Every structure is written in C-alpha cells, then in structure tokens.
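The values are calculated or read from the model by the stated rules, or taken from the named source; none is laboratory data. Computed from a predicted structure; not experimentally measured. Glycine gets a Cβ as well: all are built from the backbone with ideal geometry, and neighbour counts include every protein chain shown.
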Amino acid sequence: MLTEVINCENSIDKDGIKRAAELLREGKLVVIPTETVYGLAANALDEKAVANIFTAKGRPQDNPLIVHVASKDWLPRYAAEIPESAKKLMDAFWPGPLTIILKKLPVIPSIVSAGLDTAGFRCPSHPIAHAIIEEAGIPLAAPSANLSGKPSPTLASHVLQDLDGRVSAVVDGGSCGVGVESTVITLADGHPRILRPGGVTPEQIKDVLGEVFIDRAVTHKVSMGEIVASPGMKYKHYAPKAHVSIINAPLDKMAEFVNERAKDGVAVLCFEGEQNRFNVQCVTYGQSDDGASQAQRLFDALRELDEIGAKTVYARCPSLDGIGLAVYNRLLRAAGFEIFNL
Ligand code: TXA
Ligand code: MG
C-alpha cells in the first residue's frame with residue numbers, strides 16, 4: 001500500500017484535515033499527531049478497521065486500545081457509567097494527556113477493549129488531532145503509531161520508519177510536545193489508580209481527587225502469566241536494538257563505571273552538557289533537572305541510539321517525581337528492568 005503523507009506541520013491545514021477525516025470514515029488507517037505521541041488511528045466503531053490496527057502494528061490481540069473523542073460531551077454515547085471522580089478529572093485535564101478507563105457501552109466493539117468490559121477514553125489537546133476527530137465525527141481507536149515493541153513515535157519520520165506501506169496516510173504535525181504517552185487511570189475499584197504514568201502527573205491528580213494510587217506494575221516487572229490491570233504493562237516495550245541498562249548513580253560514579261568499559265558499540269544516554277564526562281558516544285535526553293524536557297526527548301533519543309549503531313547502552317537514571325515517573329517507567333521497559341545501583 002502507498003502511504004500518503006499529509007503535511008500539516010505549520011498550521012491547521014483544512015484540506016489535510018478533510019482528507020484525513022475522509023480516509024478514517026472510509027475505514028482506513030491514518031496516523032495522526034497528538035500532544036503525547038503519534039497515534040495509529042481508525043474508526044473505533046468499525047471492527048474491521050480496528051482489526052487492521054493490530055495487523056499494521058504487530059500488536060498482541062489482548063492489548064486494548066484507547067478511544068479518542070473530540071470532547072467530554074461525546075462520552076455518554078460510548079461509556080456506560082461516568083463516576084463523579086471521572087467528571088472531576090475531565091474538568092481538570094481534558095483536553096490533554098489523560099486516559100480514563102470506564103465501563104463501555106456495547107457500541108464500542110470488543111476488539112477495541114480486547115474483550116474487557118471497560119475502555120480507555122482520551123480527549124487529545126493537539127489542535128490537529130482535535131480537528132480530525134471533530135471533522136470525522138467518529139471516535140478514533142489509536143495506539144501509539146510504532147511497530148509493537150519499538151519506541152513510540154514523536155516525529156512523522158519515526159512513524160515512517162515503522163509503518164511506511166502499512167497505513168493509508170500519515171499526517172505530519174511536527175514534533176509532539178509531551179513526548180511520552182498519556183497517563184492511564186482506572187477508577188474501577190472506587191479508588192483512582194494510575195496504570196501507566198504519563199503527561200499528567202500523580203501530584204496533579206492527587207490535587208484534584210485528594211488521593212491516587214500507583215499500580216505496582218508501573219515500577220515492577222510483571223511475569224508473563226500474571227494478571228495485570230493494564231495488559232500493555234506486561235510487554236517489553238520502547239526498546240532500541242541495543243542492550244540498555246539504567247545506571248542509578250551520581251554522575252562521577254557513572255562516568256567511572258562507563259569509562260572502564262569503553263569500547264566500540266558502547267554508548268551512553270545522558271543529560272545535556274554531560275557528554276564530555278564519557279569516553280564513548282553519547283546521546284542526550286533533556287536536562288538533568290527538567291523532567292518535561294527528558295520526556296520530550298526520550299523516544300527520539302532511543303531511536304538515535306539505533307542510528308549510531310549502539311550495542312550496549314548505559315542510561316542515566318531520571319528523577320522520579322512529576323513527569324519523571326513516566327520517563328523512568330519507559331526507560332525501565334526499554335532496559336528490560338535492568339538497573340545497576342552504584
Ligand atoms: O498518549 C497516548 O495514550 C497515545 C496517543 C496516541 O493517544 N496512545 C497510546 O496507546 O499510548 P497505546 O495503545 O500505545 O497504549 C494504551 C495503553 C496500554 O498500556 C493498554 O494496555 C492500556 O492503555 N489500556 C487501554 N485500554 C485499557 C483498558 N480498558 N483497561 C486497562 N488498560 C487499558
Ligand atoms: Mg504504545
């Protein structure tokens with residue numbers, strides 16, 4: 001299949017948005033930019049279109065998709081129950097990088113929710129994503145637009161590396177501002193629980209709801225047989241080709257550790273301004289004291305490590321507060337949970 005690139009980079013291009021919406025209404029796959037990462041979108045109400053998402057990504061069938069809506073007013077058409085706490089979260093964080101798990105109505109086909117009776121709902125704030133959903137007039141099921149297992153795409157060029165020839169169109173909206181995926185929260189057992197940390201931080205949610213729990217799978221490895229609240233948590237993810245290890249240590253100690261092991265194929269994933277401390281190739285991901293810049297850079301940096309031919313990567317450990325928890329969660333998965341505390 002020929003993949004059409006629809007350029008929307010500089011402004012809200014009306015023709016581009018009309019074209020993307022038209023393809024989606026026809027049941028085609030269209031990659032759209034969002035404020036978090038690019039999404040591989042299809043009509044969430046069309047079972048066949050949604051099945052093609054799983055094929056294009058090579059995604060396991062038991063991993064449910066997020067349903068993207070244009071506004072919270074759309075929710076009663078697709079969600080069976082909207083608890084008071086969900087309303088508070090929507091008022092505070094929608095449109096934006098927060099996915100809320102709610103009981104779904106039967107109109108959402110079970111392929112979207114991988115057989116669960118719930119679905120994740122999100123209202124993206126990216127103006128192009130918003131305009132496409134509004135113009136299409138249908139909810140969009142959209143996972144991140146990478147091949148399963150690869151780092152999520154934050155640029156249209158990342159999408160084309162993975163999905164050229166597998167989707168009808170890619171809408172190029174430039175680089176994604178947040179850079180890591182949305183926060184996924186469930187309210188199912190009466191208490192708010194974060195299943196995946198993301199663009200909205202636990203601190204922000206606590207401010208709105210008074211309490212928030214963080215699922216153990218966010219920072220701990222779950223075994224393949226284990227039942228997890230969010231099926232996406234159990235897969236190896238975000239991984240470049242290299243073997244990645246996280247080094248939890250002060251910069252001096254890490255530099256000593258890495259420089260003792262310097263040889264061809266060894267690389268470091270560090271913060272800006274730290275490159276001169278290492279005698280190996282370095283790729284940077286943001287500033288050491290700025291979680292938002294780390295989130296924005298992380299996935300691009302992981303892809304860059306492949307481009308420089310890194311075989312072994314030692315990664316600086318981010319701080320875990322604020323959006324840092326999301327950065328740490330993604331890096332942990334990229335590293336297959338290998339972390340050295342020096
Ligand atoms: O920022 C984002 O959320 C991006 C953009 C495109 O919106 N989308 C995204 O989708 O990251 P995906 O499919 O890569 O990740 C969705 C996550 C998975 O971990 C999945 O298991 C979880 O959300 N999820 C979806 N529906 C769920 C449900 N009903 N119950 C529990 N977890 C669910
Ligand atoms: Mg994903």
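Is there a residue being of a type in the set (D, E, K, R), assigned by TED's automatic domain parsing to the domain that holds R196 and more than 30 Å from A301 (Cβ to Cβ) anywhere in region 135-142? Step through it out loud before you land on a result.
Filtering region 135-142 for residues of a type in the set (D, E, K, R) gives 135.
Then drop every residue that is not assigned by TED's automatic domain parsing to the domain that holds R196, which leaves 135.
From the residues that got through so far, the ones that are more than 30 Å from A301 (Cβ to Cβ) too are 135.
The answer is yes; a qualifying residue exists.
Restricting region 160-180 to residues that are within 14 Å of ligand 1 (Cβ to nearest atom) and in contact with a strand residue (DSSP E or B) (Cβ under 6 Å, 6 or more places away or on another chain), the residue that is farthest from G286 (Cα to Cα) is V167. Checked against the criterion of being out of contact with any Cys (no Cβ under 6 Å at 6 or more places or on another chain), within 21 Å of I214 (Cβ to Cβ) and away from ligand 2 (no atom under 16 Å from the Cβ), region 123-134 has no qualifying residue.
Residue-wise test of (1) under 16 Å from I246 (Cβ atoms); (2) surrounded by 17 or more Cβ atoms within 10 Å (Cβ to Cβ).
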{"site": "Q281", "(1), (2)": "no, yes"}
{"site": "G286", "(1), (2)": "yes, yes"}
{"site": "G291", "(1), (2)": "yes, yes"}
{"site": "Q294", "(1), (2)": "yes, yes"}
{"site": "L298", "(1), (2)": "yes, yes"}
{"site": "R303", "(1), (2)": "no, yes"}
{"site": "I308", "(1), (2)": "no, no"}
{"site": "R316", "(1), (2)": "yes, yes"}
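Return the total of residues in region 180-213 being outside any loop (DSSP other than H, G, I, E, B), touching a residue at least 60 places away in the same chain (Cβ under 8 Å), buried (at least 20 other Cβ atoms within 10 Å of the Cβ) and β-branched (V, I, T). The total comes to 5. When A86, A131, A114, A92 are checked against the criterion of being assigned to a loop (DSSP other than H, G, I, E, B) and among the small types (G, A, S), A114 stands alone in meeting it. Of all the criteria given as (1) touching an Asp or Glu at 6+ places or on another chain (Cβ under 6 Å); (2) under 20 Å from P60 (Cα atoms); (3) not aromatic (F, W, Y), the one not satisfied by L140 is (1). Any residue at all in region 86-99 that's within 16 Å of ligand 2 (Cβ to nearest atom), closer than 21 Å to E26 by Cα and either polar (S, T, N, Q) or out of contact with any Asp or Glu (no Cβ under 8 Å at 6 or more places or on another chain) (or both)? No: region 86-99 contains no residue that is within 16 Å of ligand 2 (Cβ to nearest atom), closer than 21 Å to E26 by Cα and either polar (S, T, N, Q) or out of contact with any Asp or Glu (no Cβ under 8 Å at 6 or more places or on another chain) (or both).
Exactly one residue among S293, S319, S230, S245 is of a type in the set (S, T, N, Q) and within 21 Å of L195 (Cβ to Cβ), and that residue is S230. L65: in contact with a Ser or Thr (Cβ under 9 Å, 6 or more places away or on another chain), closer than 22 Å to L105 by Cα and either within 16 Å of ligand 2 (Cβ to nearest atom) or free of Cβ contacts under 8 Å to residues at least 12 places away in the same chain (or both), yes or no? It is true that L65 is in contact with a Ser or Thr (Cβ under 9 Å, 6 or more places away or on another chain), closer than 22 Å to L105 by Cα and either within 16 Å of ligand 2 (Cβ to nearest atom) or free of Cβ contacts under 8 Å to residues at least 12 places away in the same chain (or both). Hey, any hits in region 104-117 for a residue that's surrounded by fewer than 21 Cβ atoms within 10 Å (Cβ to Cβ) and β-branched (V, I, T)? Yes, some residue in region 104-117 is surrounded by fewer than 21 Cβ atoms within 10 Å (Cβ to Cβ) and β-branched (V, I, T).
K72: under 19 Å from E134 (Cβ atoms) and surrounded by fewer than 23 Cβ atoms within 10 Å (Cβ to Cβ), yes or no? Give the steps one after another, and end with the answer.
On the way: under 19 Å from E134 (Cβ atoms): yes; surrounded by fewer than 23 Cβ atoms within 10 Å (Cβ to Cβ): yes.
So K72 fits the description; yes.
Filtering region 116-135 to residues that are more than 10 Å from ligand 1 (Cβ to nearest atom) and either acidic (D, E) or more than 20 Å from the chain's Cα centre (by Cα) (or both) leaves A131, E134, E135.
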